[in-house]
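Structure, as structure tokens:
The values are calculated or read from the model by the stated rules, or taken from the named source; none is laboratory data. Small disclaimer: the values here were computed from a predicted structure and weren't measured. A quick note on method: Cβ atoms are made from the backbone with ideal geometry, for glycine too, and the neighbour counts reach across all protein chains shown. These area figures cover heavy atoms from the full protein model, side chains too; ligands, DNA and RNA do not enter into them. Shrake-Rupley method; radii C 1.70, N 1.55, O 1.52, S 1.80 Å.
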Amino acid sequence: MSVGKKQRLCKTNDFQALYQSGMKFYGNGLVFYCKPSVKMHHRIGIIASRKVGGAVVRNTFKRRMRELLPTFLAGFQKPYDCVLIATQAQVASANFSILQKSLKTIFEKVSHVQHEQAA
């Protein structure tokens, strides 16, 4: 299952709102922002700047993330707006299993914070 076009963040205002008021989590070369969504479904934005690699590397990273993120977001009880940013070149060119492990560590932190907020 992949992220469809309707489930992607595209507008600058949406990204800015997440940066200002969203929760921020760090992983191995990744930064993840999230906050509860006003929509009825998850919305995802993926960013990989030129400093992490060329167009092929950046687009491969984005495709892999669009494939992986829905499985991790399925554990959320309510819809979230999320932005994932690649901050290091080795992450953008990493293989699928390494990216999966990096996301797993981030989402463990996210679920821990969610449980604390619910209590």
Quiz item: Do you know which of the residues in region 58-84 that are aliphatic (A, V, I, L, M) and crowded, with 17+ Cβ neighbours inside 10 Å is farthest from S21 (Cα to Cα)?
Solution: L68
Exercise. Find the residue count for region 1-22, including only residues that are in contact with a strand residue (DSSP E or B) (Cβ under 9 Å, 6 or more places away or on another chain), more than 16 Å from P36 (Cα to Cα) and not basic (K, R).
Key: 2
Exercise. Output the number of the condition that K78 fails; it satisfies all remaining conditions of (1) within 20 Å of F15 (Cα to Cα); (2) modelled with pLDDT of 90 or more; (3) more than 11 Å from the chain's Cα centre (by Cα); (4) not polar (S, T, N, Q).
Key: (2)
Quiz item: Of all residues in region 10-33, which are open to solvent by 30 Å² or more (accessible area, probe 1.4 Å) and touching a Ser or Thr at 6+ places or on another chain (Cβ under 8 Å)?
Solution: N28
Practice problem: Among what's in region 39-57 and is basic (K, R) and over 21 Å from A17 (Cβ atoms), pick the residue that is least open to solvent (accessible area, probe 1.4 Å). | Solution: K51
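Table: residues versus (1) closer than 21 Å to I98 by Cα; (2) of a type in the set (A, V, I, L, M, F, W, C); (3) in contact with a helix residue (DSSP H, G or I) (Cβ under 6 Å, 6 or more places away or on another chain).
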{"site": "G27", "(1), (2), (3)": "yes, no, yes"}
{"site": "K39", "(1), (2), (3)": "no, no, no"}
{"site": "I44", "(1), (2), (3)": "yes, yes, yes"}
{"site": "R63", "(1), (2), (3)": "yes, no, no"}
